[in-house]
Every structure is written in structure tokens, then in C-alpha cells.
Amino acid sequence: KDIPGTSAVSPGSSKECAPDSESPSGAGEADYCRRILVRDAKGTIREIVLPKGLDLDRPKRTRTSFTAEQLYRLELEFQRCQYVVGRERTELARQLNLSETQVR
């Protein structure tokens with residue numbers, strides 16, 4: 001089956017997985033995955049398997065753009081101690097005007 005377009009995934013290009021009799025739960029592969037056909041940059045059609053629960057339409061989170069000063073301080077802290085936790089993490093986040101998750 002030839003799918004026009006590029007590697008963008010379209011809802012019409014998905015099909016259910018074939019049952020997998022070797023599945024440890026005995027439930028087949030169709031219960032938790034789907035196969036999607038995509039065209040790569042060379043025009044070759046490839047099939048990939050993805051979990052059904054994967055939300056392909058959800059926008060990706062934006063990546064944090066750190067300032068040069070923030071990067072410098074974060075790198076210094078990483079060299080000093082690779083795992084910043086507790087009060088140190090809270091204080092560093094406050095000083096750099098970042099969330100604690102961003103300091104992780």
C-alpha cells in the first residue's frame with residue numbers, strides 16, 4: 001500500500017497490530033500497540049509500532065532556554081555535586097529564577 005506524503009503520521013495510516021501468541025499475558029499485541037506506515041526521506045515506506053496510548057496530536061512541551069548565567073551556575077553546581085536535592089535545589093532554583101524541576 002503506497003502512502004502519499006512525507007513522514008508525518010496521519011490517522012488514516014494506522015492499523016491494529018496482529019495478535020502476538022507469545023505475549024506473556026496471553027492478551028495479544030493488538031491490546032496495547034498499533035502499527036503506523038511512514039515514508040522516510042528516501043521515499044521508502046516503513047512500518048513502526050507504537051503504544052496505543054501515545055498521543056501523537058499532543059503538542060510537545062517547550063524546551064527551556066537557559067541564559068548564559070543560568071547555564072554557568074548549573075554547570076558549576078553539577079561539577080560540585082551531580083545531584084542537587086532539598087534546600088540546595090530550592091535555593092538554586094530561587095536564585096536562578098527557575099523551577100525546581102528545571103534545576104533537576
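Please specify each residue of segment 33-80 satisfying the condition of being polar (S, T, N, Q) and either more than 26 Å from Gln102 (Cβ to Cβ) or touching a residue at least 40 places away in the same chain (Cβ under 8 Å) (or both).
Thr44
So in segment 89-102, with the set limited to residues that are at pLDDT 90 or above and open to solvent by 80 Å² or more (accessible area, probe 1.4 Å), which one is nearest to Thr67 (Cα to Cα)?
Asn97
With the condition kept exactly as written, say whether any residue in segment 82-98 is in contact (Cβ under 8 Å) with a residue 24 or more places away in the chain and either closer than 30 Å to Cys33 by Cβ or touching a strand residue (DSSP E or B) at 6+ places or on another chain (Cβ under 8 Å) (or both).
Scanning segment 82-98, I find no residue that is in contact (Cβ under 8 Å) with a residue 24 or more places away in the chain and either closer than 30 Å to Cys33 by Cβ or touching a strand residue (DSSP E or B) at 6+ places or on another chain (Cβ under 8 Å) (or both), so the answer is no.
The values are calculated or read from the model by the stated rules, or taken from the named source; none is laboratory data. Remember, predicted model here, so these are calculated numbers, not experimental data. Note that we place each Cβ from the backbone using ideal geometry, even for glycine, and neighbour counts take in every protein chain shown. Surface accessibility is based on the protein's heavy atoms, side chains included, excluding ligands, DNA and RNA. Shrake-Rupley method; radii C 1.70, N 1.55, O 1.52, S 1.80 Å.
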